[in-house]
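Take a look at the structure below.
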Amino acid sequence: MRIATLAVLVVGFVFMVVALVSFAKLKVIDPGYVGVSVQRCNNAGGSGVNPAPIPAGYYWRALFCETVIEYPISLQTIVLTQRSTEGSTNDDSITVNSSEGMPINVDTSLSFTLDGAKVPLIYTKYRNDLEHIKHTFIRQTIREALQATYARYSAEQLYSDKRELSRAEAQKYLLEKLSPDGFVITQFTINETRVPEQVKSAINAKVAMIQDAQKTEQETRKIRALADQKVAAAEGDAKAKRAMADAEAYYNKTVAGSATPQLIQYKSLEVQLDAIRKWNGTMPQMTGGAVPFINLAGAK
């Protein structure tokens, strides 16, 4: 009986050991992550980093001879700002120099993902977790990109019309520098640009002058338009008067050309006949010494 009990205990112990060893060997790679197999024993197939990434799921590693390191392949964002309410509690903004040597301080952010196939290469090169890589190597690369770009423009240009162009050029620099290592850039932004106060004052004064010039130009165009309207109205009145005068002259000329002796006699006869039609047969009581005379011979 004791032997049977001892046998059961031994079997149970062995089973427990096997289960513990199996559990210790099991590694779960969560979704959104990629694993890197680091071999530490020569007799486990060679020491070093396995170039093949471990996908999400269950992975059985070699106990005591293999370490699995996980890297996220979901979207990552590094925020470098002066404000403590964004990014870290420190001042992480970056200061670089313009073409004339003036300090330009910027708040910036970079969003990226990791190429899962290149994650083992990332570990091989940097030998650190992603958070450490973000705030050392990637931050320094952003500084290099900004310095290489901003050195080509003046402080005024970087604060005004060349801001977007310089951002695009810095993003291109980051793509060329980081993409070969497996960092897939999705967005690079310049959230705020701070220049020396004298530069800002000069820019504001220039903007005010431009606005005043534009306002003056608009007023000039308005005055010119009103003057053109008055000229057009005066020309219209002159043309109307000239047309009326031409019409009256044409009428007078036409009437004068048609006033023949026969027409004049005809009109005179019409007047006399009209007077006869209106006469009531009574002679005027007062004639002023003259007797009305009607030329009846002309009515034949």
Query - Residues with amide H under 5 Å from that of Ser160, placed H, sequence gap 5 or more - result: none
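Could you rank the peptides 186-192, 237-243 by their average count of other C-beta atoms within 10 Å per residue, with the highest value first? Kindly include the intermediate steps, with their values, before the conclusion.
On the way: 186-192: 14.1, 237-243: 10.0.
In decreasing order of mean packing, 186-192, 237-243 become 186-192, 237-243.
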Query - Computed magnitude of the charge dipole of the range 135-232 (debye, nearest 20; Cβ of K, R +1, Cβ of D, E -1) - result: 200 debye
Requested in this report: Name the long-range amide H neighbours of Tyr33: under 5 Å, sequence gap of 5 or more, or other chain; modelled H, no Pro or chain starts.
Outcome: Ile73
Report summary line: Log10 I(q)/I(0) at q = 0.22 Å⁻¹ for the range 76-195, from Debye over equal alpha-carbon scatterers, is -1.24
Requested in this report: Scan around Ser99 for amide H atoms under 5 Å from its own, H built in the peptide plane at 1.01 Å from N, and keep only partners 5 or more places away or cross-chain.
Outcome: Tyr153, Ser154, Ala155
Requested in this report: Determine ³J(HN,Hα), in whole Hz, for all residues of the range 65-75 in sequence, where each value follows from phi through the Karplus function 6.51 cos²θ - 1.76 cosθ + 1.60 and θ = phi - 60°; x replaces Gly and Pro.
Outcome: 10, 9, 10, 10, 10, 9, 10, x, 10, 7, 4
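For the range 91-130, what does the alpha-carbon gyration tensor say about shape, rounded, prolate or oblate, given a ≥ b ≥ c as the root eigenvalues, a/c under 1.5 as rounded, and a/b over b/c as prolate?
Values: a/c = 3.17, a/b = 2.81, b/c = 1.13.
Prolate shape, in that a/c is at least 1.5 and a/b is the bigger ratio.
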Query raised in the report: Spin-label point model (7 Å from Cα, Cβ direction): what's the Glu164 to Ala225 distance in nm?
Result: 2.9 nm
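Rule-based calculations on the coordinates, nothing more; no lab input. Please read these numbers as outputs of a predicted model, since none were measured by experiment. In this analysis, Cβ positions are derived from the backbone assuming ideal geometry, glycine residues included, and neighbour counts consider all displayed protein chains.
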